[in-house]
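Here's the structure, in structure tokens; my notes come after.
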Amino acid sequence: MHQEAEIKSHHALEIEQPAAYAEKADVADYKADAIEAENAEHAMTVMQAVKAYPMASFWAFVMSCTIIMESYDVFLIGNFVALPAFKNKYGVFHAATNEYVIETKWQSALQVSGQLGALIGVFLAGPLTSRIGYRWATLTGLMLLNIFIFTFYYARSLPIMFVSQLLEGLPWGIFIANAPAYCSEIVPIKLRAPATQMLQMFWAVGSIIVGAVTYRYNNRLDSSAYEIPIALQWMFPTPLAILIFFSPESPWWLVRKGKHEAAARSVERLGRKSTTNSSETVAMMRRVIELEKSDKKPSHLELFKGTDLRRTLIVCGVYAAQNLTGNLIANQAVYFFEQAGMGHDTAFALGLITSALQMIFVMLSWILTTYFGRRSIYLWGSAANTILLIALGIAASVGKSNSATLAQAALGLIVSVLFTLAPAPASWVIIGETSAIRLRPLTTGTGRATYYIVEIPCIFLASYMLNPTGGNLGGKCGYVWGGTGLFCLIVAYFGLPEMKGRSYREIDIMFKRHIPAREWKKTEIDIKDDE
């Protein structure tokens with residue numbers, strides 16, 4: 001009787017707590033697989049990762065192409081203010097230079113309009129992507145962009161151009177928030193740097209296309225000189241939409257939604273079946289998401305609480321610094337070269353050369369960031385840029401001469417190119433790696449919003465400093481950007497951790513342990529640790 005009662009009691013306990021036992025067994029099962037998958041990723045070399053995940057590299061390439069559209073338009077507006085046909089149509093006569101110029105207020109307004117739209121777009125991107133996924137959010141943006149380009153093409157006044165640019169900015173915000181997150185989620189650890197740095201490369205590609213087109217039409221004085229470059233925007237959205245329709249959803253997003261089988265299929269589409277184990281990879285993702293598990297829905301308010309606050313500040317700080325360490329000189333390269341004293345044709349040619357060099361240097365940054373780390377490249381690159389910006393100011397202060405003009409042009413070109421070798425591409429890697437998985441769409445969106453919030457007043461300042469109807473500082477603007485660059489460098493030295501070679505589990509744990517930024521490189525995390 002006693003033995004029978006004990007058996008009944010044991011069965012009753014099993015009936016009362018079946019879920020708890022199943023959950024413990026399930027956790028034990030996938031944790032072992034998770035450890036295997038993480039060890040496998042750590043053991044891979046870069047070339048082994050490319051061979052194991054060839055399609056991941058391809059789809060990261062496709063998603064990065066969405067950045068071309070914002071880049072194209074940003075540089076297009078920057079070049080329009082230096083384009084004779086556009087200045088003659090929409091400018092005012094400036095007696096001192098004996099030519100038409102776009103008024104400072106409209107020069108600033110046109111360059112800021114797209115960023116205002118993108119600022120709204122990035123706040124829409126987070127909730128939209130969290131709900132429907134990266135694929136459908138990006139497809140929505142591409143279709144909207146196709147429609148909004150019509151507004152820009154048929155605009156016949158500066159106010160309508162302002163509105164059209166604002167509308168185009170909405171989908172840009174979706175692309176720029178989603179692309180770094182998606183690229184960092186679909187590739188293994190060793191490919192995170194090159195996959196996210198492709199974003200900077202395609203930013204350069206956009207500027208190259210603009211440079212080539214505007215250089216070609218620079219000497220035409222009819223409306224086709226600016227209408228054809230506007231129409232060429234239609235080259236991008238539809239082909240990209242077709243490709244992205246067939247792309248796999250991020251397996252991390254699918255695991256967050258509890259769709260483990262769909263996540264495994266996505267992993268299989270990203271890698272070779274012979275070299276990857278989808279069930280182990282999904283288990284690794286489940287382990288990280290369990291670490292971040294919360295009963296609450298992801299919200300913007302959560303970004304500013306606990307350890308997520310530090311992560312949010314890093315993403316926002318890196319984004320903001322892009323505008324304060326030479327980026328605006330790069331974005332206004334042609335206009336800068338004109339104000340430094342170069343002729344129209346020479347300015348456009350130098351702008352095109354700058355863009356081509358930027359693309360080459362972004363490719364070089366893949367090697368540097370992959371092997372030397374994010375923090376090191378970011379800090380050394382920012383320091384070099386700060387020194388060169390101050391040198392630019394000095395070159396502009398020594399008086400007007402042919403030598404001074406050439407020195408300013410050379411330093412402006414070097415600053416624009418060096419920015420894309422170190423600080424800019426390293427930023428994209430940092431942005432993709434820093435945020436928590438469950439908050440990633442919201443964090444990247446908020447970070448990019450910070451970028452626009454800082455960029456908008458900086459555009460007004462940059463336009464004022466360069467415009468002959470404003471400050472007319474020319475290369476002396478190097479003093480201003482050198483000062484802001486130095487501030488960003490000091491903050492980064494104390495606040496930016498090194499995440500090279502770290503899995504998302506390790507990054508989560510190190511943030512939760514409040515490890516100081518300068519200690520990350522020498523800190524070891526046991527493969528079995530979950531907290």
Starting from the Cα of S279, step 7 Å along the direction of its Cβ; do the same at D526; then give the gap between the two resulting points in nm. 2.7 nm
Expressed as a rounded percentage, what relative contact order does the chain have, with Cα pairs under 8 Å and six or more residues apart? 22 percent
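How do the peptides 298-310, 207-219 rank, highest first, by the average count of neighbouring beta carbon atoms within 10 Å per residue?
207-219, 298-310
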In percent, how large is the relative contact order of the stretch 422-531, given Cα pairs closer than 8 Å and 6 or more residues apart? 20 percent
Which value, in Å² rounded to 10, gives the accessible area of W136 with a 1.4 Å probe and all protein chains present? 120 Å²
With +1 at each Lys and Arg Cβ and -1 at each Asp and Glu Cβ, the charge dipole magnitude of the chain around its Cα centre, to the nearest 20 debye, comes out at 840 debye
If I ignore ligands, DNA and RNA and count only protein heavy atoms, how much of F150 is accessible to a 1.4 Å probe, in Å² to the nearest 10? 110 Å²
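First check a/c for the stretch 132-229, with a ≥ b ≥ c the square roots of the eigenvalues of its C-alpha gyration tensor; if it is under 1.5, answer rounded, and if not, answer prolate when a/b is larger than b/c or oblate otherwise.
Because a/c hits 1.5 or more and a/b fails to exceed b/c, the stretch 132-229 counts as oblate.
Measure off, as a whole percent, the carbon and sulfur share of the 1.4 Å-probe accessible area of the chain, all protein chains present.
Answer for the chain is 65 percent, counting heavy atoms of protein chains only.
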Could I have the simple spin-label model distance between I515 and M55, label points 7 Å from Cα toward Cβ, reported in nm to one decimal? 3.4 nm
Treating the angle as unsigned and between 0 and 90°, give the value, to the nearest 10°, between the Cα long axis of helix 306-321 and the longest Cα principal axis of the chain. 20 degrees
Just to confirm, what accessible area per residue do you get for the stretch 373-420 at 1.4 Å probe, in whole Å²? 39 Å²
Candidate residues I453, I525: accessible-area rank, largest first, probe 1.4 Å: I453, I525
With all protein chains present and a 1.4 Å probe, how do M143, M465 order by accessible area, largest first? M143, M465
Can you give the three extents of the C-alpha atoms in the stretch 39-88 along their principal axes, from longest to shortest, in whole Å? 62, 15, 14
For K512, which lysines qualify as cross-link partners when the Cα separation must be under 25 Å and same-chain residues fewer than eight apart are set aside? K24, K31, K190, K257, K293, K296, K297, K305, K500, K521, K522, K528
Looks like the stretch 408-471, by Cα gyration tensor root eigenvalues a ≥ b ≥ c and the a/c under 1.5 rounded cutoff (else prolate when a/b is bigger than b/c, oblate otherwise), is oblate
How far apart, in nm, are the 7 Å Cα→Cβ label points at I490 and F245? 5.4 nm
Largest-first ranking of H514, H94, H260 by accessible area, probe 1.4 Å, whole protein assembly kept, is H514, H260, H94
Show me the trypsin sites (Lys or Arg not before Pro) within the stretch 398-460 that DSSP assigns to loop and that have at most 15 other Cβ atoms within 10 Å of their Cβ. K400
Once the whole set of protein chains is in place, how much accessible area is left on I68, using a 1.4 Å probe, in Å² to the nearest 10? 10 Å²
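Round to the nearest 0.05 the FRET efficiency obtained for L232 and S294 when R0 = 45 Å and r is the Cβ-Cβ distance. Spell out each step's value before the answer.
Numbers: r = 45 Å, r/R0 = 1.01.
That gives a FRET efficiency of 0.50.
The values are calculated or read from the model by the stated rules, or taken from the named source; none is laboratory data. Computed from a predicted model, the values in this text were never measured in an experiment. Cβ sites come from the backbone with ideal geometry, for glycine too, and all protein chains shown count toward neighbours. For the accessible areas, the whole protein counts, side chains as well, though only heavy atoms, and no ligand, DNA or RNA atoms are used. Shrake-Rupley method; radii C 1.70, N 1.55, O 1.52, S 1.80 Å.
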